[in-house]
1. With runs of 4+ DSSP H residues as the only contributors, calculate the mean residue ellipticity of chain B at 222 nm using -39,500 (n - 2.57) per run, divided by the residue total and rounded to the nearest 500.
2. Give me the angle, in degrees from 0 to 90, between the Cα long axis of helix B:509-519 and the longest principal axis of the Cα atoms of chain B, rounded to the nearest 10.
3. Return the carbon/sulfur percentage of the accessible area of the protein assembly as shown, one whole number, probe 1.4 Å, all protein chains in place.
4. Using a 1.4 angstrom probe on the protein heavy atoms only, could you order A:142, B:129, B:308 from most to least accessible area?
5. Under the rule a/c < 1.5 gives rounded, and otherwise a/b versus b/c splits prolate from oblate, where does region A:80-301 land using the Cα gyration tensor?
6. Among the lysines, which have Cα under 28 Å from the Cα of residue A:203 when same-chain residues fewer than 8 positions away are ignored?
7. Which ³J(HN,Hα) values in Hz, rounded to whole numbers, follow from the phi angles of region B:217-230 under the Karplus curve 6.51 cos²θ - 1.76 cosθ + 1.60, where θ = phi - 60° and Gly and Pro get x?
8. Cut-off under 12 Å on the C-alpha distance; same-chain residues fewer than 8 positions from residue A:49 excluded. Which aspartates and glutamates are left, in chain and number order?
Amino acid sequence: MLFLLTVIIFGLAQAAPGDPFTANIDPSVDPEVYEQQREKYGLNDSLPKQYISWLGNFVTGDFGESIHYKGRSVKDVISVRITNTVYLSLFALIITILFAIPIGLYSARNPYSWFDYTATTFGFLGLSIPGFFFGLVSIYIFALNLGWFPSQGSVSVSVSGQTGITLFLDRLHHLVLPGFTLGLAGIATYMRYVRTEVSDVLKSDYVRTARAKGMSESSVLYKHTLRNALIPIVTLLGFELGVLLSGAVITEQVFNYPGLGTLFVDSITNRDYPVIMAINLLLGTTIMVGNLVADILYSIVDPRIRYD
Amino acid sequence: MKRLLLLLSVFIASAVLVACGGDGTGEPAAGTDDNEDVGEPQDGGSVTGTLKEAPGGVFNPIFYTDMYEEKLLELTHEGLVVQNEELDFDALLAKDWEINEEQTEVTFELEEDVTWHDGEPFTADDVVFTYQTLMDPAYTSSGGLRTIFVEPLLNYEAYKDGETEEYEAVVAEDDYTVTFKFDEPNPNLLYFASFPIIPEHVFESVPIEEMTESTYSLDPEEVVGTGPFEFSSMVERESYEMEKYEDYWQGEPHLDKIVWKVVDESVQVGLLESGDLDFIASPSDIPEGDLEDVEMNDDINVIKQTDFTVQVLGFKLNHRTSSDVQNNVIDPENWEENEKVANQKVRQAIAHAVNRQGIIDGLNFGVGELVETPIPQQFEAHNSEDANQYPFDPEKAEEILDEEGYVDVTGDGFREDPDGNEWVLNFNYSSKGKHERTGPIIAEQLEDVGIKVNARQPKEFSAFLEDIEKDNSDWDLYLIGWGLNHRDPDPSEVWSIKTPYNYARWNNEEADDLLKKAMHGEEAFDEDFREDVYTEWQQEFSKDLPEIILYAEESLWAHNKRLQGIDPLPYTMYHNAHLWWVND
C-alpha cells in the first residue's frame, strides 16, 4: 500500500510542470548557474533513477535535503512545523468532540424542539460554508473588530523564548480562531451523526428494556445509548485525523499558521520536491494509521467485534 | 550585469518620487511629513512591519534566494556604495573613491569607525573576502546566484574555473583602502561595488560549501552585518525581530526594535488600519482596491511612486527549433520566423487596438503609468516622448490592418491574412497576478478590430514559464511582467538577442548593436552619449515592437503616522532606518 503511494506521489510531483528553479527565476542569473543546481540535485537524471535514489534514501530514513530551504534537511523543515499542526488538529478534534456530542445528544433527546432546529440549521450552515470563508469572517469580527484573538501566526513575538504557562496560554490564544475554523465542519458533521445514531438507539428494544427495568435516565443515556451510538462515530474519528491534517492546509494558509499545511503549499509553489513528497507520504501514512486506530478502537468500544 | 527580477507581477517596487496621490487631507503623500509639525525625534519604541510570505531563512546576502530575505537584509547589511534618489551611487561604507582614466579600476577609501554587530572592526579585508567568495569556484555549485556583481571583474572566468589561484580582482591596499579591477572599461563601475559586505572574521572558518548551512546564515542571533539593526530572534515563518545596533557607525538608531510579522495578504490592510502593523512596504504592497480606504485614514501615510516593474504584451516573433530547445541552444541563425506576427505594421496596429489606459483605470483602480518603452522612467535614459506613440485608436488599427491586406474575405467577422488564409493568434498567459484578468480584456479588444484570438486556458506561473522558454510551440502572444534592474538602465538582460529571457526571440541587430554601443567603448563613459544611444534604442524598440508595454506599475506603501523619519528611495523604503523614530 505504502509502496504504491510512493509511486503515485513521486509520479505526480514530477508530472507538475516547472522545477524548483523555474519558480524563482531571475534574469540576472546566468542560466548555467541554474543548470549546475539541477545537476547537483539530480534533477536531470532519468525518472526511474531519481525515483530509486529517492526511495532508497527514504527507506533508510533519509528524506533528503530541501531545495528551497537551503542547507536544511527535509526532516528538520518538517519536524519544526508538524508540532504546530498537531496542536491545531488536536485542538480542533477536541472542540469537535466537545461540541458535537452534547449538541447531538440533546437534539436527539428533544427532537423537533427549537434547539434541535437551531442546531440543524447551524449544522447545515457549518457544512456549507467553506473553511477559508469562515476563517476570514472570523478574523474580521473577532480579530480586527473586537480584537479578542490574534489573527495570524501561532505565537506572539513577545513571548518568544519564554516557556511554561505563558507560552502555553499564548499558543492557546492563537489556536482559538484557526481551531474553530478547522473544527467547524467536524462539529456540524458529527453533531448530525450523533443525533441520528442516538435517536436510533433510543428507539431500540434494549433501551426500552433498560427503561422498563427502572434504570435511571442518565444510566440509560450514558451507559446504554451513548456507548452504542458512538461505535460508528469512533470509526469516523479515525478518518478524521487524516482529514484534519490535510484540511489544515487551507485553514493554516488563511491564519498564516506555520504548520504542515502552509509548508505544503509553499513547497508546491517552489517545487521543493523532497518536501512535497515527504509531506504527502506523511499524510498518506497518517490516514492509513488513522484507519488502523479506528479499527482497533472499534473493537474496544464494541466488544462484539473481534479480529482474528 | 543588470539585474532584473522576473516579477511575480503582483509585486511592485518604486521610482522617481512622483509625489502624486495625496491622502484624504490633501497633503502630499510621498516622502516624509515635512510639512507637519511632529516634533523632535525621540529615542525608543518599536515598530512592526509585514511580510506577506515567509522568507526562506538564509540570512546571508551572498546566498539569499527570495525577495523577503533580501529586504530584511537591507537593514542589517551594507555595501560600499548605495543608490540615491536619482539612482546615482552615493557613499556608504566607502567614504570616497577614485576611478582611473581607463575606467578599469576603482579605488575606495573606507569609513574607518565602522564595526560589525559583534564589535569587530570592518576593514578592507572584509570587502576582499566577500568578493573572493563570490568568485570562488565553489560559489555557484553551493547555490550562489549573485555572480552578476563579479562577472566583469578581472580574471573572473579563470578564477571561477579554478585555472588560477591568484586573486587580483579586489585588492586591499591597506586596512581602509581597497581597489576593484575590471577586465574591460565599464561605464558603471560603482554598480559592481554596491554588493552587501559579509564579515571575514565570521565566515573565514566556514567552507563555502557549508555557508548556507552555517548557523551564521541561519540563526538570527548569529547573523552579523554592519547595518543599523541586527537580528535578535525569530519565530520561524511567523515573526522576525531586529534590535538596534547601538554602535552603528552613522549614529545610534532611534528605534529600539523592528519586528516583522508574516501576515496573509488579505488581512494586512486591516491590521495596518487597526494599528497592529506600522508599515506595509516592499516587497508587500497595499492592494490597489484598498488604496482609497487607506488614503482616507488620517493615521496612515501613503507612499505612492513609480515602480521598476513593467507589464508587457509580447509577440513571439521567432520560434526556436525543437532540437535547439532540446539542447538548450540560443542561436538566432536557426530561428524560425513566426509569420503570423512578423509584420511590424500589424504589431503596431495591435498596439493601437489595446486600450492600455482602460486597463489601468478599470482593472488597476487607476494605479499604473502609461509608457512606450521599457527603460524605467526613473532613469535619465528613459525617453518615451521621442518613441512611437500608441494611443488607443481602434479605427487606426483597422485602417493599418486593411492597408496591410489583413481583411475579412470569408465574411465571418474576422480578418484573414493577406493570402486569404485563416489568421488566428494564439494567446497564452499565466494565472499569476492580474494576467488572468488582463488576458481576456486584451483578447476582446483585439477581436473588436477583427483579429481572431485564441486565448488559451491560463496556466500556473511555473508551468507558464517553462512553456514560454521552450518556444518550439505555436505561441503568438503572451503576457509577462518584468521587474527591471534599478542599478543600471541597460535593458540587455531581457531585450538583447541572445539572452534566454528574450522571450519574444526578437532578432533586431540594429537594436542589439545600440545596446552594445552603450556599454562598451570609451564613448560609453559619457553619460550623455549613453542616454542618446538609449533614446535611439527606445525608438527602435517602440517602432519594431517586440513587446507592447502595457503599463509601468506603481508601488503603494503605507505607514502609520506614529512612525516618523521615513525617507523612501525609488527602490526601497528601508533607507536611513537609523533615523526612523516613533512619536508615541
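1. Result for chain B, helices only: -7000 deg cm²/dmol.
2. The helix B:509-519 is inclined about 20 degrees to chain B.
3. The C+S portion of the solvent-accessible surface of the protein assembly as shown is 52 percent.
4. The ordering from most to least exposed comes out as A:142, B:129, B:308.
5. The shape class here is prolate.
6. A:213, A:223
7. 9, 9, 9, x, 5, 9, 6, 10, x, 10, x, x, 10, 10
8. none
The values are calculated or read from the model by the stated rules, or taken from the named source; none is laboratory data. Note that the structure is predicted; figures quoted are calculated from it, not measured. Using ideal geometry, Cβ is built from the backbone for each residue, glycine included, and neighbour counts are taken over all protein chains shown. Accessible surface areas use protein heavy atoms only, side chains included; no ligands, DNA or RNA. Shrake-Rupley method; radii C 1.70, N 1.55, O 1.52, S 1.80 Å.
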